[in-house]
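Read the figures in this text as sums done on the coordinates, not as results from a lab. Bear in mind the structure is a predicted one, so any value in this text is a computation, not a measurement. Please note: Cβ atoms are built from the backbone with ideal geometry, for glycine as well, and neighbour counts cover all protein chains shown.
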Amino acid sequence: MIPLLLGFAAACALTDLRSRRIPNWLTVAGALSGFGLHAWQTGWAGLAFAGQGFAAAFGIYAVLFLLRGRGAGDLKMMAALGAIIGWSNWLLLFVLSAVIGGLVALIVIVARGRVGQTIRNLRRLPEQKLGKPGSLALPHAPVVAVAAVFTAIAMHGQ
């Protein structure tokens, strides 16, 4: 499970860095691999494990997608990761991705000299929209790939 997690996350990160897209063929392959691996290892219980992870990740990221905080490729990538590692491990991956993503965002804001603009935007937060043209945007998959490494370390101890 850990090699599949790390390989899939790395492939998504590379494609997202190159093209700012995560292709359907990759996310479908990741999801099918997660379902197939768990079905092969533990049968119906494995399918249920993968299904719960897929559904939890899909549900949470569907909300983020509808709010325009994440793209469709991010949603499909995270759903596939849920199928690969199950919902409880995916929840750890989700939290780590949020923390690491926040740190990366702060670094980018400072490096690009956008601290003042960011503070002004925070003051107008209720009227701000996610995904606004001209706003700073970062590819999500590389952050998730880094979080996947830490998740794999935590899973290795299980």
For this session: Compute log10 of I(q)/I(0) for the chain with the Debye formula, placing one identical point scatterer on every Cα and leaving out solvent, at q = 0.08, 0.10, 0.12 Å⁻¹, to two decimals.
Result: -0.24, -0.38, -0.53
For this session: Could you work out how far helix 24-42 tilts from the main Cα principal axis of the chain, as a 0 to 90 degree angle to the nearest 10?
Result: 40 degrees
Problem set entry | Packing-based exposure ordering (other Cβ within 10 Å, fewest first) of His156, His140 | His156, His140
Exercise. Using the 10 angstrom Cβ neighbour count as an exposure proxy, how do Ser97, Ser33 rank, fewest first?
Worked result: Ser33, Ser97
Problem set entry | Burial ranking of peptide ranges 6-15, 66-75 (average Cβ count within 10 Å, highest at the top) | 6-15, 66-75
Exercise. Taking the Cα centre of the chain as the origin and placing charges on Cβ (Lys, Arg +1; Asp, Glu -1), which of Ile153, Phe94, Ile109 is farthest toward the positive end of the dipole?
Worked result: Ile109
Exercise. What percent does the relative contact order of the stretch 1-117 come to when contacts are Cα pairs within less than 8 Å and at least six residues apart?
Worked result: 27 percent
